[in-house]
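Visitor: Please read through the structure below; I'll follow up with questions.
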Amino acid sequence: MGIKVSTRGLRYLMHRLTGRKTTRLDDMTLICDPTIIDRAITREIIKGGYELAERQLARQAILPGDKVLEIGAGIGAVGILCAKLAGQGNVTSYEANPNLEPTIRSNFALNGMVPDLVLKAITVDGGPISFFRNENFVSSSLYDRKLAAEKIEVASDAIDIALKARQATIIVMDVEGAEIDILPAADLSGVREIIVEVHPHIVGEAAVQTMLDSLRAKGFERRLRQHKTEWLSRKTGAKV
């Protein structure tokens, strides 16, 4: 019997055999060089699964002209997509891990863009915070996850200041657990849509539910949950 290989698996195999350093994901060009990005992440990028839920929900939620505040830029893929949807100049991306800056800027450049990138964390009060930087960047967090991470101090901007300065109508957030503190404390009066990856494996199911209850009290309702990513919209008639 022959060995069956999925289309995605074949795509990854071809990238490995040819040694390609970039790939296409949706309508984006992204770096997939394992000497730059963790091999497990490059595999997900090549096979199409990287940040799939965020990408799919962003396509439904973001309209041309929206002002997007992205909190947790990663390698820049979601920010590039947001810029394609909302329009260049309408997306501000925050990233607490300074090691990711070259990759973010390179990915934007591959797509003919320059990011509005702020190398800070987002917090409730805007004070400096400890950041636990992991070699595999998706495991980096404001929370000490008891992993093999380097503890560094990073500056932050307060969520309310960032929202007001950008006149944000959309929040796209992936901050490995810190969402449970940031969103309940935020003035979301100008926000229409929230796309947030939740992390019950880090903070617990109860903390995630408390956050969602807080957002419901602020006038938001769940539109869709895909895997661990929540899309919440302001209820019809609720004050914006």
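The values are calculated or read from the model by the stated rules, or taken from the named source; none is laboratory data. Since this is a predicted model, take the numbers as computed values, not measurements. With ideal geometry, Cβ positions are generated from the backbone for all residues, glycine too; neighbour counts draw on all protein chains shown. SASA here: full protein model, heavy atoms, side chains in, ligands and nucleic acids out. Shrake-Rupley method; radii C 1.70, N 1.55, O 1.52, S 1.80 Å.
Visitor: Assuming R0 = 22 Å, can you tell me the calculated FRET efficiency for the pair Lys21 and Arg225, based on Cβ-Cβ distance, to the nearest 0.05? The partial results should precede the final answer.
Guide: On the way: r = 35 Å, r/R0 = 1.58.
The calculated FRET efficiency here is 0.05.
Visitor: If you line up the Cα atoms of the stretch 46-125 on their principal axes, what length do they span on each, largest first, in Å?
Guide: Rounded to whole Å, the extents work out to 32, 29, 23 Å.
Visitor: If you don't mind, another one. Could you provide, to the nearest whole Å², the per residue accessible area of the chain with probe 1.4 Å? Intermediate results must be reported in sequence, preceding the final value.
Guide: On the way: 11440 Å² over 240 residues.
On a per-residue basis, the chain sits at 48 Å².
Visitor: Please report, to one decimal in angstroms, the Kirkwood hydrodynamic radius of the stretch 28-70 built from all distinct Cα-Cα pairs.
Guide: Working: mean 1/r = 0.0834 Å⁻¹.
12.0 Å is the Kirkwood radius here.
Visitor: Now, a different point. Once the principal axes of the Cα atoms of the chain are found, what is the range along each, listed largest first in whole angstroms?
Guide: 58, 39, 39
Visitor: What number do you get for the stretch 197-240 when its Cα radius of gyration is normalised by 2.2 N^0.38 Å, N = residues?
Guide: With N residues counted in the stretch 197-240, Rg over 2.2 N^0.38 Å equals 1.20.
Visitor: Quick one: if you take sqrt(5λ) for each eigenvalue of the C-alpha gyration tensor of the stretch 159-200, what semi-axes come out, biggest first, whole angstrom?
Guide: Working: eigenvalues 64, 22, 14 Å².
That gives 18, 11, 8 Å for the three semi-axes.
Visitor: I need the calculated FRET efficiency for the pair Arg8 and Ala206, taking r as the beta carbon distance and R₀ as 35 Å, to the nearest 0.05.
Guide: Values: r = 36 Å, r/R0 = 1.02.
E between Arg8 and Ala206, to the nearest 0.05, is 0.45.
Visitor: Contact order normalised by length for the chain, with contacts defined as Cα pairs under 8 Å and 6 or more residues apart; what percent is it?
Guide: Values: 436 pairs, mean separation 36.4, N = 240.
15 percent.
Visitor: Right, another one. In Å, what is the Rg of the alpha-carbon atoms in the stretch 148-239, and how long is Dmax?
Guide: Here Rg and the maximum Cα pair distance are 13.6, 47 Å.
Visitor: When the Cα centres of the stretch 58-79 and the stretch 204-237 are compared, how far apart do they sit, in Å?
Guide: That distance is 18 Å.
Visitor: What value, in deg cm²/dmol to 500, does the helix sum -39500 (n - 2.57) over DSSP H runs of n ≥ 4 give at 222 nm once divided by the residues of the chain? Walk me through the numbers before you get to the answer.
Guide: Numbers: 9 runs with 83 residues, N = 240.
Counting only the DSSP helices, I get -10000 deg cm²/dmol.
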